[in-house]
Amino acid sequence: MADLDELRKYQLEFQRVQNTAAKQKLSERNVVELVKKLVELKLVDVLYTSDGKEYLTSQHLTKEILDELAVQGGRINLVDLQQALNVDLSHIESKVNELVKHDKNLTLVLGQLISSSYHDKLADEINDRLHEQGHVTVAELANLYDLPAEFVRELIEEKIGTAIKGQVDIQDKDVVFTDSFVSRMTARIRGGFSALTVPVPVGIIRNRTGCHERLFHTILEDLIKQGRIKGSISGGHQDKSVFYPDIYTRSQNQWVDSFYAQNGYLEYDSLVRLGIPDVKNYVKKRFKNEKLLFLKSCCVGPTIQDQIEASIDDALSSDSWVDIAAVLPSSFDSNDIGKLLTHCTQGRQGALVCANSIVASQKLISNSAKLFGDVIQQKAEQNVKQNPALLKGDGDKITVSKVILDENVAHEDKKEQRRKKAAAGSRKEGTGGREIKTKSTKKKGRGRDLENDSDDDVTAAAGGGGRHPDLVFMDRKEIEQVLESQSEFKECPEELITEIASQLYRPLNKQYQEAARSIFLQVSGSGTSADRKKSFGELQERVSGLWTNARLFEKGSKLFKDPNQTNLAKHLLKTLCTDMTNILVSALATEHMVSISEDTHLSTEARLKLINSLPKDVQAPLMKLHQTLNGQSLEEFFTTLENLCSSSHLSIMLKKPDKKKERQLVFAHRQTLSDQLKGENDPAMAMHLAVVLLFQTFTQAMVHAPGRLVPAVLQHLQESLDAEKYQSLTLFQDLVVQRVQAEANGEQQKVQDLMQELETMLPKIKEIALTTKRSVQTHEDQ
Amino acid sequence: MVDEATKKTLAQIPLLKTKAGPRDGEQWVQRLKEEYLSLIQYVKNNKDSDNDWFRLESNKEGTRWFGKCWYIHELLKYEFDVEFDIPVTYPTTAVEIALPELDGKTAKMYRGGKICLTDHFKPLWARNVPKFGIAHAMALGLGPWLAVEIPDLIARGVITHKSSENAVKS
């Protein structure tokens, strides 16, 4: 029965189960769609989790955020929050912003939500840290807690005195420290600086103490102000600034004082070595009452200045020199010595400073100038004798203009001086030095004026124009050598000698030129009449000799027919007449003090130049003569020459040779020709001579023919010569011509062959030329 | 073979232990209890998965079962009476579920509206005697048959929805 009951129960149970409504189940997709629809219809306001599996309302989100914040200890990053809550960051951000707005306990810093409880906790931590380390900086804390410095600073400001027990640095709000820390640092700094005896950069000590920069300087300043640390700081609040302990400064000053007292000067270098940075100012401050002279590398006190002045005076009064470098300590460099000297010699006249360190008296120089007096005289005489041409141009224009300039300057100087004197009145001391200076320059100017004046006089006396190359007496080196050989200068340093030499150079040269000029004038003055006559006579002789020769040659040329005649005339113009012109031109040039290099061999251009440089009255006829040389007519040349030689210009007597004289000349000419021919080996030259010689023997006239015209002359001879002789001559001539051609064509072998042939024939030709003469002569005599 | 979904449902139906037929007295009661338990579980499962598809009750002896079954096609519920007897040789012989309303309307049916079961059913059942019971027969037999036949029948217009029938009548 129990079974049946049980069965009954099951049956009922089955019915009940079957009749219960089926569970209304929705698939997930349906639900998502439904919720979407609801949200669309704004029936519900929900947020999705980022995986999309959950919905939550905003109130719930707020709650969760706050819970999370509490769990994390009052500070949470929004990104962490997003991960923890699995909600989109934008929702969290907006929610957090809202929260921060409404809740004053919450702040949002750098994307992190922070509650006031965290503030308290942080303050406690900072306090712990502060007490542990003695000091903390905002930057350090910010770094440590990964918070912005501003936030930390605000926090510290808020909590200082309550949660954080310490003090904020007055100058630097970023540093917090405890009182004990400050006193510890003070002690350290005090100790460190008390131990210093030399200047030390503050930074080194600061690094040793490990103190913060600002605090360090505040403490240090306080300590110095209190007088606990004795010393001073230069350079302000930097690590670079240097601490000078008083003890150091004192010893430094002592050293400087004692050095100055002992030596009378101070060297900047040594002061710098002592560690004094701005030496000049330091010295100025230190020795306010001393009359120091500041130079480039040192400054000099009055004692040394006096010493120098004394030695300068000494040297000046004894007319010798003194090397100040020997008087001064060796540390002085030459530029400074120079400056010092210019300062010291300002008030002295006749002092010459050279090589920066040597003072010589002006008299020393003028004395040494005297040494050269004799030498100058000697050399001048010598020189005048050797080449008087050099002296032809006196007193060149440059000197003259210079003299004028100098005079002007001197005048101005005078004027200025006068004006200055008028204006000076109130400031006498200031202008004193300069006045003297101008005076001295004026004096110098005057001295030179005198010299130049004498120059001028000389120039006037000489009365010539034109220029002349510098007449050099001795170059500087030579002057130096002379000076060195003198006993007075034995110990003299080279610089002084060089200086004196360069000082003497110009005056000596001038003196020398003057001397040379006066000697020249003497020579030309006394010896002119005789010499001139003599040279004029020579000139006349030469010109007339040449002229007669030319005449004779002209006569010879007239025997030829026209083309050859003009050719001969041209040749004559080019040779003898040109020589004649040259002689005339150079003679005139010498007379007018124009220098020329050589006497006779003037090229056309050189001659033209020379003619142009001559005075006008001589220039015109010479020019004409010069032009006729390029013409063709001998007649023209002769007339102009005669005109030139006539009394109006040169007054050279051109005597027409008489018969006897003519014959003599012709004979002499033939003699020279035959002599030449005998000694001649060159076949062409021999041919030339032979032909000319033969011409003369047959016509009793001289011919002056160029090589070119030899065949023409030979032809002319045909009538009078034997056929055989004529033939051998023509043959020889042909050979000569062939040889010349062969030579021109570079045919060596042929040249040699011809040469041999010519050489064998040469004696025969010579014989023809010489013997023919004799036979003809005898024939004529008969 | 049966499809996956059917297999899953089948696995969730508790198995039976007692091998007894209606003539076995006490044993049958025991068997009947087990049948009920498994049916209860099956129905519960169906309801949980929102797949309730039949009502069944038996006579006092538990030899004759009757009720309704339904199938939802295109949002319309087609409901049919279902009945079957427990054969004397049960559980060796499987039950023959009949839908008398559909007698003669489909080829897959024996005389008297008994449904033709798939070839797989019988050997499956035979292998699982006495573990399979009425619930298994429903899940393995009628469920699949309905899912195949009803849409076909509706498509052929052999059966129509009652409301539309009414609509046609009225």
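The values are calculated or read from the model by the stated rules, or taken from the named source; none is laboratory data. Treat the numbers as computed from the prediction; the structure is a model and nothing was measured. Glycine also receives a Cβ, built like all others from the backbone with ideal geometry; neighbour counts cover every protein chain displayed. All accessible areas refer to the heavy atoms of the entire protein, side chains included, with ligands and DNA or RNA removed. Shrake-Rupley method; radii C 1.70, N 1.55, O 1.52, S 1.80 Å.
Yes or no, residue by residue, for (1) within 60 Å of the chain's Cα centre (by Cα); (2) within 21 Å of A:L568 (Cα to Cα); (3) surrounded by fewer than 21 Cβ atoms within 10 Å (Cβ to Cβ):
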site: A:N681; (1), (2), (3): no, no, yes
site: A:A684; (1), (2), (3): no, yes, yes
site: A:V692; (1), (2), (3): no, yes, no
site: A:R708; (1), (2), (3): no, yes, yes
site: A:A712; (1), (2), (3): no, yes, yes
In the range A:646-668, residue farthest from the chain's Cα centre (by Cα) [restricted to those that are at pLDDT 70 or above and surrounded by 16 or more Cβ atoms within 10 Å (Cβ to Cβ)]: A:E662
Residue within the range B:50-72 that is more than 14 Å from every other protein chain (Cβ to nearest Cβ), in contact (Cβ under 8 Å) with a residue 40 or more places away in the chain and within 15 Å of the chain's Cα centre (by Cα) present: yes
Filter result for B:E35 (modelled with pLDDT under 85 and either within 13 Å of another protein chain (Cβ to nearest Cβ) or over 17 Å from the mean Cα position of the chain (by Cα) (or both)): no
Strands (runs of 3 or more DSSP E) (entirely within the range A:246-344) containing at least 2 residues that are in contact with a strand residue (DSSP E or B) (Cβ under 9 Å, 6 or more places away or on another chain) and modelled with pLDDT under 75: A:321-323
Members of the range A:178-209 that are closer than 11 Å to A:I229 by Cα and not in a helix (DSSP H, G or I): A:A195, A:L196
Tabulated pairs, the range B:117-142, first within 10 Å of B:L15 (Cα to Cα), second crowded, with 17+ Cβ neighbours inside 10 Å and among the charged types (D, E, K, R), C-beta under 6 angstrom, 6+ apart or interchain: B:G133/B:E35
Tally of residues being out of contact with any helix residue (DSSP H, G or I) (no Cβ under 7 Å at 6 or more places or on another chain) and open to solvent by 30 Å² or more (accessible area, probe 1.4 Å) across the range B:62-80: 9
Residue within the range B:82-93 that is of a type in the set (S, T, N, Q) and within 14 Å of another protein chain (Cβ to nearest Cβ) present: no
Residues of the range B:39-49 classified as out of contact with any strand residue (DSSP E or B) (no Cβ under 9 Å at 6 or more places or on another chain), facing chain A (nearest Cβ under 10 Å) and either closer than 15 Å to B:I86 by Cα or open to solvent by less than 80 Å² (accessible area, probe 1.4 Å) (or both), total: 5
Verdict on A:T730 being open to solvent by less than 50 Å² (accessible area, probe 1.4 Å), modelled with pLDDT under 75 and among the polar types (S, T, N, Q): no
Members of the range A:210-245 found to be part of a helix (DSSP H, G or I) and open to solvent by less than 60 Å² (accessible area, probe 1.4 Å), listed by number: A:L215, A:F216, A:H217, A:T218, A:I219, A:L220, A:L223, A:I224
Filter result for the condition that a residue is open to solvent by 10 Å² or more (accessible area, probe 1.4 Å), outside any helix (DSSP H, G or I) and charged (D, E, K, R), over B:E34, B:E83: B:E83
Within the range A:362-384, considering residues that are over 30 Å from A:S317 (Cβ atoms) and surrounded by 15 or more Cβ atoms within 10 Å (Cβ to Cβ), the one modelled with the lowest pLDDT: A:V384
Flag if B:K8 is modelled with pLDDT under 85 and at the interface with chain A (Cβ under 7 Å from one of its Cβ atoms): no
B:T106 being more than 12 Å from chain A (Cβ to nearest Cβ), open to solvent by 70 Å² or more (accessible area, probe 1.4 Å) and not in a strand (DSSP E or B): no
Selection status of A:Q11, surrounded by 15 or more Cβ atoms within 10 Å (Cβ to Cβ), within 14 Å of chain B (Cβ to nearest Cβ) and touching a strand residue (DSSP E or B) at 6+ places or on another chain (Cβ under 8 Å): yes
